[in-house]
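Participant: If you scroll down you'll find the structure; I have some questions about it.
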Amino acid sequence: MSKKAIITGITGQDGFYLSDLLLKQNIQVIGIKRRTSLINSTARIDSLINNNNFSVVQGDLSDSFFLNNLINQNKPDYIFNLAAMSHVKTSFDIPIHTGDINAIGTIRLLDAIRTNNLSNKTRFYQASTSEMFGNNSKKKLNEQSKLEPVSPYGASKLYAYNITKIYRQSYNIFACNGILFNHESPLRGETFVTRKIVRGAVSIVKNKSSFIELGNLNSVRDWGHAKDYCEAMIKIIMYKKPDDFVISSDKVFSVREFCKKVFNYLGLEIKFVGKGLNEVAIVTKSEKYPHLINKKIIKVNKKYFRPLDLNYLRGNSAKAKKILKWKPKINIDQLVSEMINYDLDLID
Ligand code: NAP
Ligand code: G4F
């Protein structure tokens, strides 16, 4: 009989890549999708719907009764907890909901494993995050680094990370954390900075808009590709013992540098001038789009700043490399080109 996995957050970016990888390993996937007023919330996973090993049930991480029943009925081999209110800036606007879903939602799942006596059967993966680290100057962050989050999102995820470890140690549940750094793809939500920049730049070259508005351009991130990171999730949950692993590319770029990469790929050279809220990016050279030369294509808007931000996040994934034999296959330039080509096709 094939193994069975429940994935929360099936309709999200990682929900697609993880499902695709598990189905290729002949693992049955049951995804949890919350109710929405429009049917197109499944757009990312529509290509998987015809797979007999793939099914979706409606439910919510706030509903203990639903989660408990689903786990009791299916007695899954694996649970991947990917569902979250995952937008850091939004977590400042809806901190209580963020805590309910990200923190308490995690304990709802872990406690359903415990109370259904599935501790010896069901392995649990928690989608932990580099946002838990906080501002640690420019250190490369690993499993031993200090955890001092600076957002309601980071704090909620730190609770989930800790409760996952506590259930592992107290009840012998195979519960593990993947501490994943930022990972992107053509399926990334449109309001995260990489996709926002890519979509904005494509819209500019297609004459659909004239500039992009961003917040903190100085912020530095360690960006990888979601497909590589979902491969790591599977290695973590299938490892011989439950443990916690940092997953990162170990390379960093600022938001400003990411913008340059995107515009360069599209055939435009840009230069940032000015300071603070008055900083802009101007097109300095373009054979392909001469009408854009001297145009301001990036502006700063204070509404995109957070009350607190993580300024520099760089991982050290040596443990995963050594123990899991995991390493990323897709570099930032390949990621950028894949994202741009996808949006060039999507945006008319
Ligand atoms: P995402 O695209 O934002 O997907 C989040 C998923 O959670 C969506 O399917 C969403 O449903 C679902 N969800 C939200 N609230 C829910 C609720 N109350 N009940 C049930 N489902 C709910 O996030 P992602 O990028 O795939 O990330 C997956 C996980 O990894 C998240 O937990 C995120 O916090 C974590 N993480 C992500 C990164 C990254 O860089 N991508 C890095 C570290 C950790 P809707 O589609 O209906 O909104
Ligand atoms: O793309 P972001 O919104 O990602 P952020 O905040 O790093 O969070 C993502 O990665 C985490 C892992 O570290 C995940 F846990 C989390 O779920 C999510 O997937 O912002 C990246 C940086 C920030 O410093 C932000 O201030 O870009 C800066 N930024 C500058 N202008 C912007 C913008 N971010 C957004 N979303 N929109 C802007 O206009």
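The values are calculated or read from the model by the stated rules, or taken from the named source; none is laboratory data. Computed from a prediction, not measured in an experiment: that's the story for all the values here. Heads up, the Cβs are rebuilt from the backbone with ideal geometry, glycines too, and the neighbour counts pull from every protein chain shown. Surface accessibility is based on the protein's heavy atoms, side chains included, excluding ligands, DNA and RNA. Shrake-Rupley method; radii C 1.70, N 1.55, O 1.52, S 1.80 Å.
Participant: Only one of (1) under 30 Å from K325 (Cα atoms); (2) in contact with a Pro (Cβ under 9 Å, 6 or more places away or on another chain); (3) in a helix (DSSP H, G or I) is not met by V198, so which one is it?
Facilitator: (1)
Every residue, every condition in (1) in contact with a helix residue (DSSP H, G or I) (Cβ under 6 Å, 6 or more places away or on another chain); (2) more than 25 Å from A83 (Cβ to Cβ); (3) free of Cβ contacts under 8 Å to residues at least 12 places away in the same chain, yes or no:
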| site | (1), (2), (3) |
| --- | --- |
| R168 | no, no, no |
| A175 | yes, no, no |
| P186 | yes, no, no |
| R199 | yes, no, no |
| I212 | yes, yes, no |
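Participant: Quick one: how many residues across segment 201-210 are open to solvent by less than 10 Å² (accessible area, probe 1.4 Å) and either within 12 Å of ligand 2 (Cβ to nearest atom) or within 24 Å of H87 (Cα to Cα) (or both)?
Facilitator: Residues in segment 201-210 being open to solvent by less than 10 Å² (accessible area, probe 1.4 Å) and either within 12 Å of ligand 2 (Cβ to nearest atom) or within 24 Å of H87 (Cα to Cα) (or both): 2 in total.
Participant: Among the residues of segment 132-150, write down those that are buried (at least 18 other Cβ atoms within 10 Å of the Cβ) and in contact with a Lys or Arg (Cβ under 6 Å, 6 or more places away or on another chain).
Facilitator: M132
Participant: So N52 ticks every box in (1) open to solvent by less than 70 Å² (accessible area, probe 1.4 Å); (2) out of contact with any Gly (no Cβ under 6 Å at 6 or more places or on another chain) but one. Which box is left unticked?
Facilitator: Just one mismatch for N52, condition (1).
Participant: Just need a number here: residues in segment 120-131 that are away from ligand 1 (no atom under 15 Å from the Cβ) and either surrounded by 18 or more Cβ atoms within 10 Å (Cβ to Cβ) or over 30 Å from N68 (Cβ atoms) (or both).
Facilitator: 2
Participant: Select from segment 207-224 the residues that are more than 16 Å from ligand 1 (Cβ to nearest atom) and not small (G, A, S) and list them in ascending order.
Facilitator: N207, K208, F211, I212, E213, L214, N216, L217, N218
Participant: Hey, does segment 84-97 have a residue that's under 30 Å from R195 (Cα atoms) and in contact with a strand residue (DSSP E or B) (Cβ under 7 Å, 6 or more places away or on another chain)?
Facilitator: yes
Participant: If a residue must be more than 10 Å from ligand 1 (Cβ to nearest atom) and under 18 Å from the mean Cα position of the chain (by Cα), how many such residues does segment 132-141 contain?
Facilitator: Summing the residues that are more than 10 Å from ligand 1 (Cβ to nearest atom) and under 18 Å from the mean Cα position of the chain (by Cα) in segment 132-141 gives 3.
A quick yes/no check of all residues on (1) away from ligand 1 (no atom under 11 Å from the Cβ); (2) without any contact (Cβ under 8 Å) to a residue 60 or more places away in the chain; (3) of a type in the set (D, E):
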site	(1), (2), (3)
M1	yes, yes, no
G31	no, yes, no
I39	yes, yes, no
T42	no, yes, no
I45	no, yes, no
Q58	no, yes, no
F92	yes, no, no
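Participant: Of (1) open to solvent by 10 Å² or more (accessible area, probe 1.4 Å); (2) within 12 Å of ligand 2 (Cβ to nearest atom); (3) among the charged types (D, E, K, R), E184 satisfies all except one. Which?
Facilitator: Status for E184: all satisfied but (1).
Participant: I'd like the residue in segment 14-25 that is open to solvent by 20 Å² or more (accessible area, probe 1.4 Å) and farther than 15 Å from I49 by Cβ and, out of all such residues, is nearest to ligand 2 (Cβ to nearest atom).
Facilitator: This residue is D14.
Participant: Taking segment 97-106, which residues are buried (at least 16 other Cβ atoms within 10 Å of the Cβ) and within 11 Å of ligand 1 (Cβ to nearest atom)?
Facilitator: T98, D100, I101, N102, I104, G105, T106
Participant: Got a sec? Which of I94, I79 is at negative phi, in the same structural domain as L22 (by TED's automatic domain parsing), under 20 Å from the mean Cα position of the chain (by Cα) and open to solvent by less than 50 Å² (accessible area, probe 1.4 Å)? Let's see the steps before the verdict.
Facilitator: Numbers: I94 fails: open to solvent by less than 50 Å² (accessible area, probe 1.4 Å).
Exactly one of I94, I79 is at negative phi, in the same structural domain as L22 (by TED's automatic domain parsing), under 20 Å from the mean Cα position of the chain (by Cα) and open to solvent by less than 50 Å² (accessible area, probe 1.4 Å), namely I79.
Participant: Do any strands (runs of 3 or more DSSP E) lying entirely in segment 229-348 carry at least 2 residues that are open to solvent by less than 30 Å² (accessible area, probe 1.4 Å) and either within 13 Å of ligand 2 (Cβ to nearest atom) or closer than 25 Å to G134 by Cα (or both), and which ones are they?
Facilitator: 244-247, 296-300
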